[in-house]
Every structure is written in C-alpha cells, then in structure tokens.
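Here is the structure we will look at, set down as structure tokens.
The numbers here are math on the coordinates, done by the rules we state, and not lab data. All figures in this text were calculated on a predicted structure; none of them were measured in a lab. Cβ atoms come from the backbone with ideal geometry, glycine included; neighbour counts cover every protein chain shown.
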Amino acid sequence: MKTPNKIKLANTPTPIFEFNISDDIKDNTALYIKRDDYTGVELSGNKVRKLEFSIAEGLESEADVFITCGGIQSNHCRATASAAASLGKASHLLLRGDSVCDQGDGNLFLDKLFGAQISYITAEEYKNDRANIMKEIKAEYEKNGLKAYIIPEGASNGIGSFGYFDAYKEILEQESVLGIEFNMICVTEGSGGTYAGLYMANEVLQGNKKIVGFNIYDGEADVKSGIIEIINEACEIADYKEPINFDSINIINDYAGEGYGISGPEVFEYIKYLAKRTGIVFDPVYTGKMLFGLNKEIKNNDYFKGNILFIHTGGIFGVFPQKEMF
Ligand SMILES: *Cc1c(COP(=O)(O)O)cnc(C)c1O
C-alpha cells in the first residue's frame, strides 16, 4: 500500500485520557477520550488531519488559492483558512448562509481574520450545485493567472481520509504505550471522512475494533454509501487491491435530531453538565450532540462495553454562535 504525501500542520500525537462522564458507568466498561481538539488552537479539531493530505496535494499542484465549502460556522473552512494563511496562500470559502444564530461570531469571525475570501450561497445552491460553483471560482482565479485547488466539504474524499487512517495508526501506538486495548472507537459522523479513514485502517491493519459513527447531520441520510465511496477512492490512491469488507460499518442515526446544527434543550443541558463535570467544552453541532447519544447507548445497549475510545473532534468555536441557547 502506498500512502500519499502529507505536510505537517497538526499538533500530533494527541493525548488519550480516561473520561469519566457518569457515576454509574457499567462495571465492564471504561471510557477514554482522545483530544483531537488539541491538534492546534486555530487548527483545532479533526479537519486539520485531513488537510495535511489535501493541502500537500494542493501544494504539489502549485496552488496559490485553496477553495473549499461548508456551513456558515464550518470548522473545516476555518481550519482551511488558517492553514492557508500559515503557508502564505489564499483561501476562498463557499459558505451556506442558513445559520439560525449569530453569523458574525465563532468560526466565521475567524475566517475573516485569516483573510479568507468568502462567497455566500443558499442552502439549495449548496445542496445541488456547490461542486460546480467551486469549479467556476477556480476558473475565475485561473483567468487571473492564479492556480487554485478545490477541497470538498470536510476534506472528506479519498485523499483527506488518510488523515484518520494515520490517526488510527497513532491510536495503535498509544495502546502499546498505555497498556490498554480499545475494542471500540466512537466518532461523530458528518461528511464521513473521519469515519472512513478509521474504518479503512481497521480493515487494512486488522485492528479488530468496532468503529461506531454517530450521525449528527440527517437521520434519514444514506451515510453508508458515502463512506464506501470515500474508502474506494482511498484504496485507489493507495493502490490497495485487497477487497474491503463493508459489513461492519456501524452508523447510529438516532441522535441526529432535527438536522445539522440544530440541537434540542437536552443536548445543551448535557453540554453544561459535561463542562462542569469534566472541564472540557463540547459543541452543540457535533461532539455534544454525539456524547448525549453515546452516554445513552452505554447505559442501555450492551453492544457498548469494554474499553471505548471517544475521539473529541473539536468544534469549540461552534459553541459561541449558539451561546444564547445555553
Ligand atoms: C467535521 C466535524 C466532524 C465530523 O467529521 P467528518 O469527517 O465530516 O465526518 C466531527 N466533529 C467536528 C467538531 C467537526 O468539525
């Protein structure tokens, strides 16, 4: 298997700690947290691991501008804007302008500080036409003699997913240092690249762990086919010819609620509880929504037992635009 080139952007390896979220956790179960929110301050979260590969490919193509897209409070767009600035490159963000909350706060504010060019589009345009719009923006830059490189939503494609293939290898190394074997890894599932990278690594390296994704995007979405597509693309890049078994893909749709970025009062209460109990901040879009679900699953579902590793994928800047909801 050949792994693609990457550049160093993230502050890794990220530490793993015990994570005590409840007084009445089952006897046969221990929960751990991997702090991928420590990958950087401005770069905080999971996106930078994927960007290490995407941006490396962009630099190889001599890009001057990195074009990408996301929600108005996209963590991925903010990480891309910061990474581009740190490399002396430009960024152009296509943002879906449908936020329910203060749009000038959080990630969007930081995007502007990093000097990103921003184009706003409607939810409808985003859903149906974002790939074409990014191509048009790229063509505009090229008319002006600048090379541009397009990163898809969340950097969730074949190349980006190697970020979490590598993170999986990092976890294996940490297991031997810590003397703990994790039988399950739980992550938030959004655009799918994080899950896809972990799943592919687990299959290729035969790590024999359960990889569980909590969908926070859309309870009805066919998440699995998107994940398979990303993994197939990654296999092609890696020239990996062995068949991958997709039967163990496990996505829980029960906690997506009303959709992306929308959480009920129970999630906000749970984030407050966790902040007081653990001193760690979780966000209402991704990790807080997911942990509300993971806690329930651990309590009620015997599938969730043993040494469970939860990956904190970041999102702290997504807390501020929703502060009134707390
Ligand atoms: C993007 C994101 C995720 C989801 O990762 P995907 O690779 O898009 O599935 C989870 N948590 C946070 C904080 C994110 O920003």
| request: Mind checking segment 1-86 for GluC sites (Glu not before Pro) that DSSP puts in a loop (not H, G, I, E or B) and that have at most 14 other Cβ atoms within 10 Å? | output: E62
| field | Gaussian network model of the chain, Cα within-10 Å springs - most flexible of N253, N301, N232 | value | N301
| request: Quick one: of K272/K296; K8/K210; K89/K138; K34/K210, which pairs are farther than 20 Å apart, Cα to Cα? | output: K8/K210
| said: Are there any trypsin sites (Lys or Arg not before Pro) in segment 145-213 that are in a DSSP loop and have at most 14 other Cβ atoms within 10 Å? List them by number. | reply: K147
| note | Most exposed first, judged by fewest Cβ atoms within 10 angstrom, Y240, Y303 run Y303, Y240
| field | Share, in percent, of DSSP beta bridges within the chain that are antiparallel, nearest 5 | value | 10 percent
| query | Dipole of segment 1-92, Cα-centred, from +1 at each Lys and Arg C-beta and -1 at each Asp and Glu C-beta, to the nearest 20 debye? | reply | 240 debye
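By the gyration tensor of its Cα atoms, with a ≥ b ≥ c the square roots of the eigenvalues, what is the shape of the chain: rounded for a/c under 1.5, prolate for a/b over b/c, or oblate?
The shape class here is oblate.
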| task | Loop only per DSSP, at most 16 neighbouring Cβ atoms within 10 Å: give me the GluC sites (Glu not before Pro) in segment 115-186, ordered by residue number. | result | E181
| request: Averaging sequence separations of C-alpha pairs under 8 Å and six or more residues apart, then dividing by the length of segment 1-102, give the relative contact order as a whole percent. | output: 25 percent
| Which order do C186, C235 fall in if you start with the one that has the fewest other Cβ atoms within 10 Å? | C235, C186
| request: Grab the DSSP H runs of the chain that are 4 residues or longer, score each as -39,500 (n - 2.57), total them, divide by all residues and round the 222 nm result to the nearest 500 deg cm²/dmol. | output: -13000 deg cm²/dmol
| task | Please work out the C-alpha center-to-center distance from segment 1-34 to segment 120-192 and express it in whole Å. | result | 19 Å
| message | If you restrict to DSSP beta bridges whose two residues both lie in segment 1-155, what percentage is antiparallel, to the nearest 5? | response | 15 percent
| said: What is the angle, in °, between the Cα long axis of helix 193-204 and the longest principal axis of the Cα atoms in the chain? Nearest 10 is fine, range 0 to 90. | reply: 60 degrees
| Label-to-label distance, nm, for residues given as N245 and E269 (7 Å Cα→Cβ offset) | 4.2 nm
| note | Across G104, G163, G261, the residue with the highest GNM fluctuation in the chain (Cα network, 10 Å cutoff) is G104
| message | Using Cα springs under 10 Å in a Gaussian network model of the chain, which residue among L59, L309, L108 shows the largest mean-square fluctuation? | response | L59
| query | Which order results if S61, S74, S263, S119 are arranged by neighbouring Cβ count within 10 Å, fewest first? | reply | S61, S119, S263, S74
